[in-house]
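One structure is given here, and the rest of the page talks about it.
The values are calculated or read from the model by the stated rules, or taken from the named source; none is laboratory data. Just so we're clear, the structure is a prediction, and the values are computed from it rather than from any experiment. Don't worry about glycine lacking a Cβ; one is built from the backbone with ideal geometry, like all the others, and counts go over all protein chains shown.
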Amino acid sequence: MAPIPQISYEPAPVETERLILRVPRLTDLAASAAMWADPAVTRYIGPRAHPSVHDGDFRLESGLRAGREILTARPRPTAVVAANDLMALGVMKASRAEGLSIPRDLSVVGFDDIAFASLADPPLSTVCLPRDALARGATAALINSLDESSPVVTPGMVPTYFVARASTGPAPK
């Protein structure tokens with residue numbers, strides 16, 4: 001019997017401000033009919049996935065722990081999106097320990113595009129957060145904060161992009 005598509009999201013600690021924004025967006029996106037109308041989505045995730053959220057803390061060990069939890073779920077997820085690349089690498093390690101093949105049995109995506117992402121086996125697909133844009137924004141905010149007459153700057157959004165590598169593939173049939 002073919003697995004029912006599931007997406008697991010492995011976030012950082014819930015107190016993280018950006019995570020508070022990400023989890024509801026993930027749930028809303030998974031419920032969105034427009035997302036599932038995209039043939040690329042159904043090819044790589046499968047039809048109508050149901051997201052689940054597992055806790056993590058940005059470390060490889062938490063990815064390994066969450067990966068073990070995720071892999072015991074029935075039906076088992078067809079894709080895991082981790083809050084960062086280290087946790088995604090932990091999920092990959094847990095998957096290999098269970099005898100699963102990435103991406104044949106499970107697609108894994110990280111976030112950050114750290115150097116180790118391209119060196120993983122298989123190389124990790126990830127969402128790249130451009131460090132130069134992040135550094136420019138942080139520097140501008142720091143300089144602005146030194147000027148007491150300047151208004152407080154709220155953090156802006158930094159554009160990201162997907163780096164497709166070998167840890168993602170079509171959903172299992």
Notebook entry, point to check: Quick one: is residue 30 part of a helix (DSSP H, G or I), modelled with pLDDT under 85 and crowded, with 16+ Cβ neighbours inside 10 Å?
Noted result: yes
Margin query: Being hydrophobic (A, V, I, L, M, F, W, C), in contact with a Leu (Cβ under 6 Å, 6 or more places away or on another chain) and within 20 Å of residue 127 (Cβ to Cβ) is the requirement here; does residue 100 meet it?
Written below: no
Next item on the list: Assess whether residue 113 counts as being buried (at least 19 other Cβ atoms within 10 Å of the Cβ) and charged (D, E, K, R).
Entry: yes
Next item on the list: Would you please name the residue that is surrounded by the most Cβ atoms within 10 Å (Cβ to Cβ), looking only at residues in the stretch 65-94 that are of a type in the set (Val, Ile, Thr) and under 19 Å from residue 173 (Cβ atoms)?
Entry: 80
Note to self: If I filter the stretch 132-173 down to residues being more than 30 Å from residue 101 (Cα to Cα), among the polar types (S, T, N, Q) and assigned to a loop (DSSP other than H, G, I, E, B), which single residue comes out as modelled with the highest pLDDT?
What the structure shows: 149
Note to self: Please count how many residues of the stretch 128-148 are among the polar types (S, T, N, Q) and under 22 Å from residue 163 (Cα atoms).
What the structure shows: 0
Next item on the list: Select from the stretch 89-131 the residues that are in contact with an Asp or Glu (Cβ under 8 Å, 6 or more places away or on another chain), aliphatic (A, V, I, L, M) and not in a strand (DSSP E or B) and list them in ascending order.
Entry: 91, 114, 117, 124, 129
Notebook entry, point to check: What residue, among those in the stretch 90-139 that are more than 16 Å from the chain's Cα centre (by Cα) and among the acidic types (Asp, Glu), is farthest from residue 158 (Cα to Cα)?
Noted result: 98
Next item on the list: Filter the stretch 95-110 for residues that are crowded, with 22+ Cβ neighbours inside 10 Å and either among the acidic types (Asp, Glu) or farther than 18 Å from residue 171 by Cα (or both) and give the result.
Entry: none
